[in-house]
Amino acid sequence: MAPVSVHAYVLGEHGDSEVLVWSSAKVGGVSIQDYARQMGVSLTEERKSQIDDGVRHAAYRIIENKGATYYGIGAGIAQIVQAIRDDERRVLTVSNLTTSVEALKGICLSLPRVVGLKGVLTELQPELSSEEHLALQKSAEILKEAAVSLKMM
C-alpha cells in the first residue's frame, strides 16, 4: 500500500514520548484493523509495537546512517509553508500552544491543526482510546517539564 493512502496521527512530543494513534488509523478510509483483516494480515499487539518502535526511533536510524534529519525536517517545513502560502486550510499535525484540550492547555505539542494563510486556524480533537489519552498526557507532562526547566513556563 502506498504510504499516501495511510492516514494516522503521531501526537505529542516529536521523540521518545510521541503517541501513535492506532484507534483512528485508516488505509483508504478503512480502519487499520479492517484493512489488515481484508489483506489477510494479522495486526497483533506485537506487530503494532514493532511499528510503533520503528516510527519512534526513525530519527535515530536516519542520524546513524545520514548524519542528520534535515531533509525530513525540510520536507515538513515545505508542506507547512505551502499550506500557509496557498491558504490550503490543510490538516497537519503541528506543534502549537494547545488551547482546546483542557488537560493539555498551555502546553506546546503536536495535534492535528488546520493550517492556512493566518497560520494555525483551529485545533482538532481526535478521539483517543483511554490508553492513547494517558500516553498523550504523559507526553505533555514531559514537554511541560522541559519548558519549566528552561524557564519558559
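Laboratory data are not the source of any read-out in this text; all were calculated from the coordinates shown. Here the structure is a predicted model, which is why all the values come from computation and not from measurement. Cβ atoms come from the backbone with ideal geometry, glycine included; neighbour counts cover every protein chain shown.
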Relative to the longest principal axis of the C-alpha atoms of the chain, give the angle of the C-alpha long axis of helix 45-56, reported between 0 and 90° and rounded to the nearest 10°. 40 degrees
Select from Val81, Thr93, Val4 the residue farthest towards the positive end of the dipole of the chain; place +1 on Cβ of Lys and Arg, -1 on Cβ of Asp and Glu, and compute about the Cα centre. Val81
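Using the Cα atoms of the chain to build a convex hull, what is its mean projected area in square nanometres?
Values: hull surface 41.9 nm².
So the mean shadow area of the Cα hull is 10.5 nm².
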Other-chain or far-sequence residues with amide H under 5 Å of Tyr9's (modelled H): Val21
If I take R0 = 30 Å and measure r between the Cβ atoms of Lys26 and Lys66 in this structure, what FRET efficiency does the formula 1/(1 + (r/R0)^6) give, to the nearest 0.05? 0.50
Find the lysine pairs in the chain meeting two conditions, Cα atoms under 25 Å apart and a separation of 8 or more places or different chains, and report how many there are. 8
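Assigning unit charges at the beta carbon (Lys, Arg +1; Asp, Glu -1) and nothing else, what dipole magnitude in debye, to the nearest 20, does the chain show about its Cα centre?
Charge dipole, the chain, about its Cα centre: 420 debye, nearest 20.
Where Lys and Arg each count +1 and Asp and Glu each count -1, what net charge lies around Ala75 among other residues with Cβ under 15 Å from its Cβ? Write down the numbers at each step before the final one.
Working: positive: Lys66, Arg90; negative: none.
The answer is +2.
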With every atom except the alpha carbons ignored, what do you get for Rg and Dmax of segment 15-56, in angstroms? 11.0, 32
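Defining a contact as two alpha carbons under 8 Å apart and six or more residues distant in sequence, what relative contact order in percent does the chain show? It would help to have the intermediate numbers written out before the result.
Numbers: 201 pairs, mean separation 37.1, N = 153.
Relative contact order, the chain: 24 percent.
Averaging over every viewing direction, what projected area does the convex hull of the Cα atoms of segment 15-100 cover, in nm²? Mind dumping the intermediate values first?
Working: hull surface 32.5 nm².
Averaged projected hull area, Cα only: 8.1 nm².
Kindly provide the helix-only [θ] at 222 nm of the chain, computed as the sum of -39,500 (n - 2.57) over DSSP H runs of four or more divided by all residues, to the nearest 500 deg cm²/dmol?
Values: 5 runs with 64 residues, N = 153.
That comes out to -13000 deg cm²/dmol.
Note the per residue figure in Å³ for the convex hull of the C-alpha positions in segment 76-149. If you can, show how the numbers build up before the last one.
Working: hull volume 6.9 nm³, N = 74.
Spelled out: Cα convex hull of segment 76-149, divided by residues, is 93 Å³.
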In degrees, nearest 10, range 0 to 90: what is the angle between the Cα axis of helix 130-149 and the longest Cα principal axis of the chain? 30 degrees
Taking the Cα-to-Cβ direction at Thr44 and at Asp16 and moving 7 Å from each Cα, how far apart do the two end points lie in nm? 2.8 nm
Given H placed on each backbone N at 1.01 Å, which residues far from Val120 in sequence or on other chains put an amide H within less than 5 Å of it? none
